[in-house]
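Visitor: Once you've had a glance at the structure underneath, I'll fire off some questions.
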Amino acid sequence: MTSRKQTSKPNTRAGFVAILGAPNAGKSTLINRLVGQKVSIVTPKAQTKRIRTLGILSEGDVQISFIDTPGIFAPKNRLDRAMVQAAWNSLEDADAIILIVDAATHKENEQIAAIVEELKKRNKSAILVLNKVDAMTPGKLLPKAKEFHDSGAFSDIFMISALTGDGVSDLKNHLLKAMPESPWFYDEDQISDLPSQILAAEITREQLFLQLQQELPYAAAVLPESLEEKHDGSLVIRQTIVVTRENHRPIVLGKGGARIKAIGEKARAGITKVFERKAHLFLEVKVDEKWQDHPGFYRTFGLDFGKE
C-alpha cells in the first residue's frame with residue numbers, strides 16, 4: 001500500500017475499498033465509472049490487469065480510495081502468483097470489500113467459489129456486485145443473487161452495469177455512507193496514486209492489447225524509461241516494449257513500422273487526455289526471454305517477487 005498523507009480538511013470521512021473478482025469481471029470499468037475518470041486500463045482480454053491501482057473519489061466530505069486489483073485466478077508462474085498475491089494483500093487496509101461477478105457468464109463459477117471460500121477463511125464480509133446485469137433476464141439473475149446471498153459471505157448485494165452506469169450510483173452512495181470518520185489521505189484533486197511513469201506505461205500496454213488482440217502473447221510488458229517535463233509544460237516519455245521471443249518483435253513493429261506507429265499514436269492520445277497536456281512518446285521494442293524473472297520488474301510495478 002502506498003504511504004498515506006492525511007490532509008487537514010475538518011469533519012471528514014475517508015476509507016479504502018478493495019475490489020476483487022475473477023479476470024475480466026469489470027473491476028477496472030467500475031472504478032473508472034466511480035471515479036469519473038480513467039485511472040485503470042480496460043481491455044476485452046482477461047488477465048491484462050497486473051498491478052494494484054488506486055482510484056480516488058472525493059465527494060462532499062467523503063473520500064473513497066478504490067483499490068483496483070489484478071483478477072484472481074489459479075496462478076501458473078511467478079508473475080501470476082505476484083498478481084494474485086497483490087489482490088489478496090489489498091484486503092489488509094480495506095474498510096470495505098467488493099466482490100464483482102460477471103453475472104452474464106457461467107465460466108467463472110469455480111473461480112468465484114474459491115474466492116468466496118477464501119473470504120470466509122479470512123473472516124471477511126464483502127459486498128457482492130453482480131455486473132453486466134443488462135445482459136440477463138430477471139428470471140436468471142434473481143436465482144443467482146439468492147445463491148450468493150445464501151452463502152453468508154455478503155453483507156449487501158448490488159446489481160449493476162459498470163459499462164452503462166446502471167445501478168452504480170446506488171452502490172456509490174452506499175459506500176460513501178459506509179466510510180469511517182477520518183481525515184482525507186489524498187489531495188482533493190488527486191484521482192490516483194500511480195506514479196506518472198507507471199500510469200503512462202499502462203496506457204501504452206492497453207493499446208498493445210486493444211490493437212494486436214489475439215496476435216500479441218500475454219508475455220509482453222511496457223517498461224517506463226523516463227518522463228520529463230519540457231519548459232512549455234509538455235511531456236517527453238520514453239518506454240520500452242518487452243517481448244519474450246524474436247518472432248514477437250515484428251508483430252509489434254508491423255510492416256514498415258506501421259503498427260508501432262499506430263500504437264504510439266493511440267497511446268500518446270490517451271496519455272494527453274489523462275495528463276491534460278501534450279505528450280511526446282518514444283517507443284522501443286526489445287526481446288528478453290527472462291523478463292518475468294527479473295526482480296527489478298516486480299519492484300517497478302509494486303509486485304512481490306516471491307520465491308520460485
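Visitor: Of (1) charged (D, E, K, R); (2) touching a strand residue (DSSP E or B) at 6+ places or on another chain (Cβ under 8 Å); (3) open to solvent by 10 Å² or more (accessible area, probe 1.4 Å), ARG205 satisfies all except one. Which?
Guide: Here ARG205 clears every test but (3).
Visitor: Show the residue pairs that are 6+ apart or on different chains and have beta-carbon atoms under 6 Å apart, the first residue being within segment 273-290 and under 11 Å from THR244 (Cβ atoms), the second being loosely packed, with under 13 Cβ neighbours inside 10 Å.
Guide: Taking only residues 6 or more apart or on different chains, the pairs are VAL287/GLU246.
Visitor: Next up: Quick check on segment 162-197: of everything there that is polar (S, T, N, Q) and more than 27 Å from ASP102 (Cβ to Cβ), which residue is farthest from the chain's Cα centre (by Cα)?
Guide: SER182
Visitor: While we're looking at this one, here's another question. Run down GLY139, GLY152 and say which single residue is open to solvent by 30 Å² or more (accessible area, probe 1.4 Å), at pLDDT below 85 and farther than 13 Å from ALA103 by Cα.
Guide: GLY152
Visitor: From the list ASP187, ASP232, pick out the single residue that is closer than 24 Å to ALA94 by Cα, modelled with pLDDT of 90 or more and open to solvent by 20 Å² or more (accessible area, probe 1.4 Å).
Guide: Just a single option satisfies the conditions, and that option is ASP187.
Visitor: For segment 263-295, which positions are modelled with pLDDT under 85, open to solvent by 30 Å² or more (accessible area, probe 1.4 Å) and in a helix (DSSP H, G or I)?
Guide: Of everything in segment 263-295, those that are modelled with pLDDT under 85, open to solvent by 30 Å² or more (accessible area, probe 1.4 Å) and in a helix (DSSP H, G or I) turn out to be GLN292, ASP293, PRO295.
Visitor: On to the next question. So which pairs qualify, if the first residue must be in segment 138-152 and outside any helix (DSSP H, G or I), the second must be open to solvent by less than 70 Å² (accessible area, probe 1.4 Å), the Cβ gap must be under 8 Å, and the two must be at least 6 apart or on different chains?
Guide: Sorted first by the residue in segment 138-152, then by its partner, the pairs are SER151/VAL116.
Visitor: Return the residue satisfying two criteria in turn: it lies in segment 9-34 and is within 14 Å of ILE160 (Cα to Cα) and of a type in the set (D, E, K, R), and of such residues it is most open to solvent (accessible area, probe 1.4 Å).
Guide: Once the filter is applied, the top-ranked residue is ARG33.
Visitor: Please go through segment 153-197 and give me each residue that is touching a Lys or Arg at 6+ places or on another chain (Cβ under 8 Å), under 21 Å from LYS140 (Cβ atoms) and not hydrophobic (A, V, I, L, M, F, W, C), ordered by number.
Guide: SER161
Visitor: Then there is this: Quick one: in segment 162-176, of everything that is closer than 16 Å to VAL17 by Cα and either touching a residue at least 40 places away in the same chain (Cβ under 8 Å) or aliphatic (A, V, I, L, M) (or both), which residue is surrounded by the most Cβ atoms within 10 Å (Cβ to Cβ)? Even if it seems obvious, please write down each step before you answer.
Guide: The first filter runs over segment 162-176 and keeps only residues closer than 16 Å to VAL17 by Cα, leaving 168-176.
Those still in the list that are either touching a residue at least 40 places away in the same chain (Cβ under 8 Å) or aliphatic (A, V, I, L, M) (or both) too: 168, 171-172, 174-176.
Details: VAL168: 20, LEU171: 20, LYS172: 17, HIS174: 13, LEU175: 22, LEU176: 17.
Looking at residues that are closer than 16 Å to VAL17 by Cα and either touching a residue at least 40 places away in the same chain (Cβ under 8 Å) or aliphatic (A, V, I, L, M) (or both), I get LEU175.
The values are calculated or read from the model by the stated rules, or taken from the named source; none is laboratory data. What you see is a predicted model; the values in this text were computed from it and never measured. Reconstructed Cβ throughout: ideal geometry from the backbone, glycine too, with neighbour counts over all protein chains shown. For accessibility, only protein heavy atoms count, side chains too; no ligands or nucleic acids. Shrake-Rupley method; radii C 1.70, N 1.55, O 1.52, S 1.80 Å.
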